[in-house]
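Visitor: Below are the structure tokens for one structure; questions will follow.
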Amino acid sequence: MSSKIPVTVLGATGVVGQRFVRRLADHPLFRVEHLAASERSAGKRYRDACAWRLDGEPYGGLGDQVMAEGTPEFALSPVIFSALDTAPATELEPAFARAGAMVFSNAAAFRMSPEVPLLVPEVNADHLGLLEVQRHHHGWSGGIVTNANCTATVLVMALAPLQEAFGVEAVLMTSMQAISGAGYPGVASLDILGNVIPFIRNEEAKVEEETPKMLGRFTGREVELAPMRVSALCHRVPVIEGHTEAVSVKLKGNPSLEAVREAWLSWKPEPQRLKLFSAPPVPVHVHTLEDRPQVRRDVETDGGMSVHVGRLRACPILGVKFALLGHNTERGAAGGSILNAELAHAKGYLR
Ligand SMILES: NC(=O)C1=CN([C@@H]2O[C@H](COP(=O)(O)OP(=O)(O)OC[C@H]3O[C@@H](n4cnc5c(N)ncnc54)[C@H](OP(=O)(O)O)[C@@H]3O)[C@@H](O)[C@H]2O)C=CC1
Ligand SMILES: N[C@@H](CC(=O)OP(=O)(O)O)C(=O)O
């Protein structure tokens with residue numbers, strides 16, 4: 001009998017759900033108990049319900065598993081990895097938490113709820129303490145932990161070392177975002193090939209509100225938003241995986257570029273100290289070649305779990321500017337959620 005923790009992948013047929021399944025296929029801590037999605041998929045074998053779109057072993061070796069309907073009645077496990085769309089997540093994630101499960105969600109539904117940790121383990125591991133507040137508030141034995149919008153996740157990975165070392169006052173971020181961020185089939189090829197689309201619904205607002213929450217201070221009862229100004233300009237570009245961001249930042253005390261570089265290089269946050277299974281050995285790769293980071297060359301490093309900074313230089317307006325790259329469906333989605341669960345396990349929140 002396996003001593004691994006049984007988990008449900010909710011939304012297992014989707015783009016993010018498939019990445020969960022692939023990552024969980026050989027995970028040392030978790031084993032997939034239920035594959036669940038909508039009632040359209042329930043009762044079908046995974047291989048029949050899901051059009052597999054990733055490299056590697058199709059269906060994570062679970063092609064013959066019969067899918068469950070994504071409700072606590074049919075798909076309850078101690079841990080739920082949710083890759084649901086926001087609408088079903090709004091109803092189903094609290095139902096699982098109420099039934100005693102720890103839900104690790106990718107959906108936007110509860111990210112800004114004051115009692116829900118918006119977690120990137122390298123950035124705000126202590127925010128997990130909000131679970132106590134949440135359980136008390138709702139009377140749940142389980143709970144909900146969310147990861148952030150993928151663009152905001154990549155951004156805070158680069159900003160957190162600077163916030164810790166100096167304090168961040170203002171950020172101006174222009175994104176060039178991969179098509180996979182729009183799910184499958186995403187943006188029609190006739191719209192995106194040879195094109196740049198300067199609009200992604202709700203994306204700029206999400207980056208602007210989620211970033212100060214993630215970089216905020218946990219008081220023991222609540223998260224105080226970090227007092228910083230954030231402006232985001234988001235664009236869809238014809239790239240398959242990987243969000244690139246052009247970032248200008250105003251730091252307290254106007255540190256030198258060398259001090260900024262050193263803050264990234266010396267950053268060793270909690271998941272790396274704890275050697276969590278999905279934590280990349282180096283969370284922020286600092287590139288020195290003048291034409292890096294690049295999506296095609298860098299985004300798959302460390303299974304897409306690290307981020308890349310480069311082209312660090314002086315900004316005449318805000319002080320410092322740099323290029324940033326991260327994997328939207330791994331660090332920004334499935335891999336990020338699994339790392340959240342590994343941290344929760346290390347901190348004693350999983351039974
Ligand atoms: N793509 C990305 O880069 C990122 C996505 N996210 C978030 O992750 C979530 C999933 O995204 P993505 O994989 O792209 O979405 P998809 O549309 O590819 O997949 C959605 C999944 O939800 C299931 N589903 C839909 N309705 C219900 C329901 N009523 N009950 C149970 N299951 C249901 C679908 O099942 P069925 O096949 O049966 O219809 C499917 O498995 C979204 O909230 C998204 O915002 C977060 C970060 C990045
Ligand atoms: N909106 C992001 C992906 C995404 O799903 O974001 P969110 O999890 O905030 O809905 C993109 O298009 O690249």
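Visitor: For the stretch 102-121, state whether one or more residues are part of a loop (DSSP other than H, G, I, E, B) and assigned by TED's automatic domain parsing to the domain that holds PHE277.
Guide: no
Visitor: If you take the residues in the stretch 20-59 that are of a type in the set (Gly, Ala, Ser) and within 21 Å of the chain's Cα centre (by Cα), which one is farthest from VAL103 (Cα to Cα)?
Guide: Within the stretch 20-59, the subset of a type in the set (Gly, Ala, Ser) is 25, 36-38, 41-43, 49, 51, 56.
With within 21 Å of the chain's Cα centre (by Cα) added as a condition, the list becomes 25, 36-37.
On the way: ALA25: 19, ALA36: 14, ALA37: 15 Å.
The qualifying residue farthest from VAL103 (Cα to Cα) is ALA25.
Visitor: Name the residues in the stretch 157-192 that are of a type in the set (S, T, N, Q) and part of a helix (DSSP H, G or I), would you?
Guide: If we filter the stretch 157-192 for residues that are of a type in the set (S, T, N, Q), which is where we start, we get 163, 174-175, 177, 180, 189.
GLN163, SER180, SER189 - these are the residues of the stretch 157-192 that are of a type in the set (S, T, N, Q) and part of a helix (DSSP H, G or I).
Visitor: Quick check, is GLU115 more than 16 Å from ligand 1 (Cβ to nearest atom), under 19 Å from the mean Cα position of the chain (by Cα), at pLDDT 95 or above and open to solvent by 10 Å² or more (accessible area, probe 1.4 Å)?
Guide: Yes; evaluated as a whole, the condition is true for this residue.
Visitor: Which condition does GLU73 not pass, out of (1) under 16 Å from GLU33 (Cα atoms); (2) open to solvent by less than 10 Å² (accessible area, probe 1.4 Å), if it passes all the others?
Guide: Of (1) under 16 Å from GLU33 (Cα atoms); (2) open to solvent by less than 10 Å² (accessible area, probe 1.4 Å), only one is false for GLU73: (2).
Visitor: Keeping to the stretch 76-100, report how many residues are in contact with a Gly (Cβ under 7 Å, 6 or more places away or on another chain), over 20 Å from THR13 (Cβ atoms) and either open to solvent by less than 30 Å² (accessible area, probe 1.4 Å) or in contact (Cβ under 8 Å) with a residue 60 or more places away in the chain (or both).
Guide: 2
Visitor: Of all residues in the stretch 47-69, which are in contact with a helix residue (DSSP H, G or I) (Cβ under 6 Å, 6 or more places away or on another chain), crowded, with 20+ Cβ neighbours inside 10 Å and either within 18 Å of GLY183 (Cβ to Cβ) or hydroxyl-bearing (Ser, Thr, Tyr) (or both)?
Guide: The one that is in contact with a helix residue (DSSP H, G or I) (Cβ under 6 Å, 6 or more places away or on another chain), crowded, with 20+ Cβ neighbours inside 10 Å and either within 18 Å of GLY183 (Cβ to Cβ) or hydroxyl-bearing (Ser, Thr, Tyr) (or both): TYR59.
Per-residue answers, yes or no, for (1) closer than 23 Å to TYR184 by Cβ; (2) within 16 Å of ligand 2 (Cβ to nearest atom); (3) among the hydroxyl-bearing types (Ser, Thr, Tyr); (4) at pLDDT below 95:
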residue	(1), (2), (3), (4)
SER41	yes, no, yes, no
GLU57	yes, no, no, yes
GLU69	yes, no, no, no
VAL79	no, no, no, no
PRO88	yes, yes, no, no
ASN106	yes, yes, no, no
ALA109	yes, yes, no, no
GLU122	no, no, no, no
HIS127	no, no, no, no
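Visitor: Now for a separate question. Within the stretch 181-197, can one find any residue that is acidic (Asp, Glu), away from ligand 1 (no atom under 16 Å from the Cβ) and open to solvent by 70 Å² or more (accessible area, probe 1.4 Å)? Full working, then the answer.
Guide: If we filter the stretch 181-197 for residues that are acidic (Asp, Glu), which is where we start, we get 191.
Those left that are additionally away from ligand 1 (no atom under 16 Å from the Cβ): 191.
Right, trim to open to solvent by 70 Å² or more (accessible area, probe 1.4 Å) and you get 191.
Yes, the conditions are met somewhere in the stretch 181-197.
Visitor: Residues to consider are ASN202, ASN254; find the one that is open to solvent by 20 Å² or more (accessible area, probe 1.4 Å), within 15 Å of ligand 1 (Cβ to nearest atom) and at positive phi.
Guide: ASN202
Visitor: Another question, then. Looking only at the stretch 205-241, which residues are surrounded by fewer than 19 Cβ atoms within 10 Å (Cβ to Cβ), in contact (Cβ under 8 Å) with a residue 24 or more places away in the chain and part of a strand (DSSP E or B)?
Guide: Answer for the stretch 205-241, where residues must be surrounded by fewer than 19 Cβ atoms within 10 Å (Cβ to Cβ), in contact (Cβ under 8 Å) with a residue 24 or more places away in the chain and part of a strand (DSSP E or B): PHE218, ARG229, SER231, LEU233.
Visitor: If you scan the stretch 27-42, which residues turn out to be farther than 24 Å from GLY303 by Cα, in a loop (DSSP other than H, G, I, E, B) and either in contact with an Asp or Glu (Cβ under 8 Å, 6 or more places away or on another chain) or open to solvent by less than 40 Å² (accessible area, probe 1.4 Å) (or both)?
Guide: SER38, GLU39, SER41, ALA42
The values are calculated or read from the model by the stated rules, or taken from the named source; none is laboratory data. What you are looking at is a predicted structure, and each value in this text was computed from that prediction instead of being measured. Glycine gets a Cβ as well: all are built from the backbone with ideal geometry, and neighbour counts include every protein chain shown. Protein only, heavy atoms only, side chains kept; ligands, DNA and RNA dropped before computing areas. Shrake-Rupley method; radii C 1.70, N 1.55, O 1.52, S 1.80 Å.
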